1. Would you mention how many residues in region 154-185 are assigned to a loop (DSSP other than H, G, I, E, B), away from the ligand (no atom under 16 Å from the Cβ) and in contact (Cβ under 8 Å) with a residue 60 or more places away in the chain?
2. Restricting region 243-261 to residues that are within 13 Å of the ligand (Cβ to nearest atom) and assigned to a strand (DSSP E or B), which is surrounded by the most Cβ atoms within 10 Å (Cβ to Cβ)?
3. Just give me the residues in region 204-237 being in a loop (DSSP other than H, G, I, E, B) and either within 19 Å of residue 134 (Cβ to Cβ) or within 16 Å of the ligand (Cβ to nearest atom) (or both), in sequence order.
4. Residues that are more than 16 Å from the ligand (Cβ to nearest atom) and more than 29 Å from residue 226 (Cα to Cα): list the strands (runs of 3 or more DSSP E) wholly contained in region 42-153 that include at least 1 such residues.
5. Which of the residues that make up region 262-290 are farther than 23 Å from residue 229 by Cα and either within 16 Å of the ligand (Cβ to nearest atom) or assigned to a strand (DSSP E or B) (or both)?
Ligand SMILES: [Fe+2]
């Protein structure tokens, strides 16, 4: 069922802004994210690494915390416009009987944390320390030259509940996937900032973080990222692509970091601003949905994702499988 979009909530969540993950080896993460993909290191300590895209003036868009336990995602991060928006947002959470807490987080101060109705841990920051934009330091560009954080994809057991909740927070459905002859939600692409999505929910065992994504300047840079990771010896990190999504029209490539977390570099999302524009529906069986050029993604891409620390996993309520590369090749004989 398509959600009711709350166009004008009493608080303003502006965008997907940062992700918080664990990693086992700070040096290995730095070598991959900065040395190969081209992100900027804002700070590195013995137990933390803070990274940002070349355009970004905020302190970080990836925060990695060292933990020798199996790697986990900790939070997906969003921004509210400023601190005055915490009060109406927490009033809303109280009405929904969602418990929350405030944390004092280095370089971003007072931060609101809670779990959405499908158990996804989120944190909302109202500010971050300001650092220098590096977008015109062209002589330092490396790998994919990632410019800015753009979105998340989260695997959830209840896409409908997650979509309804985030739509009430002001997120607008840009595109969605449904099984044949229905509007039952298998996947929902939801946006706040005016392009196709800030957060995506897809059906599966969850909550798990499927990937987070950065924009790159152009197609050539995206291909260059693949060449650079290859020439540096990262032969097993290109997880999928390059290719073009039907959904969102993005040219994409996915990598797995040294801990298995998935990062997408992409180019070209279209604008979703005028409110009367209806969402685009994709049938789950349509191979052009996830790959406009026709070849579906592998089982690994669809079904592997980062678990969140201390979060119970739930089986999906909707039983509907996507078309995988393995199924597609089997059908070809
Ligand atoms: Fe993505």
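Laboratory data are not the source of any read-out in this text; all were calculated from the coordinates shown. It should be emphasised that the depicted structure is a prediction, and the values quoted were computed from it without experimental measurement. Counting neighbours? That spans all protein chains shown, and the Cβs are built from the backbone with ideal geometry, glycine included.
1. Going residue by residue through region 154-185, those that are assigned to a loop (DSSP other than H, G, I, E, B) are 157-158, 169-171, 179-185.
Still in the running and away from the ligand (no atom under 16 Å from the Cβ): 157-158, 169-170, 179-185.
The next check asks that each one be in contact (Cβ under 8 Å) with a residue 60 or more places away in the chain; those that pass are 157-158, 169-170, 179-180, 183-185.
Going through region 154-185 one residue at a time, the tally reaches 9.
2. Taking the candidates together, the pick is 255.
3. 204, 216, 217, 218, listed by residue number.
4. 73-80, 100-105, 109-115, 121-125
5. Result: 269, 270, 271, 272, 280, 281, 282, 283, 289, 290.
So that you can scan it fast, the table gives a plain yes or no per residue for (1) more than 19 Å from the chain's Cα centre (by Cα); (2) closer than 29 Å to residue 21 by Cα; (3) surrounded by fewer than 17 Cβ atoms within 10 Å (Cβ to Cβ):
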residue: 295; (1), (2), (3): yes, no, yes
residue: 301; (1), (2), (3): no, yes, no
residue: 310; (1), (2), (3): yes, yes, yes
residue: 324; (1), (2), (3): yes, yes, no
residue: 330; (1), (2), (3): yes, no, yes
